[in-house]
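First comes the structure, then the notes that go with it.
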Amino acid sequence: MLLLGVLIVWTPFLLLVLSLVVTRLTGCTVNEAGTQPCRIAGLDIGGLFYTLMMMGWLVIPLLPFMALTLIGAAVAGVLALFGIRWP
């Protein structure tokens, strides 16, 4: 259940990063103004990139929860490092 929550919280950020990386590698342009044509293998997927980039707006309200997952992971790492078991 915890893993599902972490996945839900981080999905918009990962989709935003995926869209930025793929557009950078393909030389396409993506911005908030609207869809831009982007042809990859004969398909225009500019609308898909636009949608993925707009997922970045969901990151703003999810930032506190993302921070909690990072803090929780850091605490779990320190506990594991010192061999402390949580009851």
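None of the figures in this text is laboratory data; all of them are computed from the coordinates on show. Keep in mind it's a predicted model, so treat the numbers as computed, not measured. Neighbour counts run over all protein chains shown; Cβ positions are idealised from the backbone, glycine included.
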Coil-residue trypsin sites (Lys or Arg not before Pro) of the chain, DSSP, other Cβ within 10 Å capped at 13: 85
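Based on DSSP H runs of at least 4 residues, each adding -39500 (n - 2.57), what is the mean residue ellipticity at 222 nm of the chain after dividing by all its residues, to the nearest 500 deg cm²/dmol? Can you show the working numbers first?
Numbers: 3 runs with 57 residues, N = 87.
Mean residue ellipticity, 222 nm, calculated: -22500 deg cm²/dmol.
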Cα pair count fraction exceeding 14 Å, expressed as % - the chain: 70
Label-to-label distance, nm, for residues given as residue 17 and residue 48 (7 Å Cα→Cβ offset): 2.0
